[in-house]
1. Specify the residue that is nearest to A199 (Cα to Cα); the eligible residues are those in the stretch 108-152 that are of a type in the set (D, E) and modelled with pLDDT of 90 or more.
2. If D153 meets every condition in (1) closer than 21 Å to E218 by Cα; (2) of a type in the set (D, E); (3) more than 22 Å from the chain's Cα centre (by Cα) apart from one, which number is that one?
3. Any residue at all in the stretch 12-22 that's modelled with pLDDT of 85 or more and in contact with a strand residue (DSSP E or B) (Cβ under 6 Å, 6 or more places away or on another chain)?
Amino acid sequence: MSSTFKIELVTVPRSRVYKAVAQQLQERILSDLKPGDTLPSERELGQMLGVSRSTVREAVHSLELMGLLEVRQGVGTVVRDPSTDSPVGALADVFLQKQQHIRELVDVRKMIEPPVARIAARHITPKQIAAMEEILRRQEEKLRRHEPAVEEDSSFHYAIAAAADNSVVLKLVDVLMDLLRETRERSLQIDGRAEKSFAGHRRILAALRQHDVSAAGEAMLSHVSEIEDIVLNQLQKGWRLPNGPTICR
């Protein structure tokens, strides 16, 4: 028997609204709901999220295509049973897509950030080094308080791009940091991830301080690769489906 499930949602900013709504609903479906649960109506979801009904409808449709939801006449929007299509169903595809997305982002980071660090090593000024040291000081404080340093992590990489003194590079890294925000917020909660990130930043800054072009590029590549291993290993440990099996990759 289906039941209407009350869920807490956070108001979504105006930018990238449809994708943000779909992402938030997907997270709640995977973590809080079970097959047969009915979502609130489009009007109610719109009020809860602070978005229009058309935006909610578009987000729900995207989750229908992924196999997570089903709109039933006279019933409403219902969470699908993953066992109806395959042993692990459409939810397995969601996790595979997530893993592929992370791999692609890391590949782009490896293409862009090590060369940017090498360029920054040539151009970086004492003032910029001091600014990076301040970022790492704040990051270390949050690490000591066991708080995620998402802002400091992003700021450090953005500061390196700024030190490269190239407006196009700065825009590219700005876009990349935006794409990485969700992954960074989640991954910084993985045991050991925050400490590894801080240690990697320290090595990069040491190379930049010495204007060592080669060492700066190597330190950045090592840092990105290390974080990739941590995040992907966490994904590969397995994901438990709501009322279902564990997906291991």
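The values are calculated or read from the model by the stated rules, or taken from the named source; none is laboratory data. Keep in mind it's a predicted model, so treat the numbers as computed, not measured. Here Cβ is always computed from backbone atoms with ideal geometry, including for glycine, and neighbour counts include all displayed protein chains.
1. Of all residues in the stretch 108-152, those of a type in the set (D, E) come to 113, 133-134, 140-141, 147, 151-152.
Subsequent filtering for residues that are modelled with pLDDT of 90 or more retains 113, 133-134, 140-141, 152.
Values: E113: 17, E133: 13, E134: 15, E140: 10, E141: 14, E152: 13 Å.
Applying the filter and picking the extreme gives E140.
2. Here D153 meets the rest and fails (3).
3. Within the stretch 12-22 (the criterion being modelled with pLDDT of 85 or more and in contact with a strand residue (DSSP E or B) (Cβ under 6 Å, 6 or more places away or on another chain)), the answer is no, since none of the residues qualifies.
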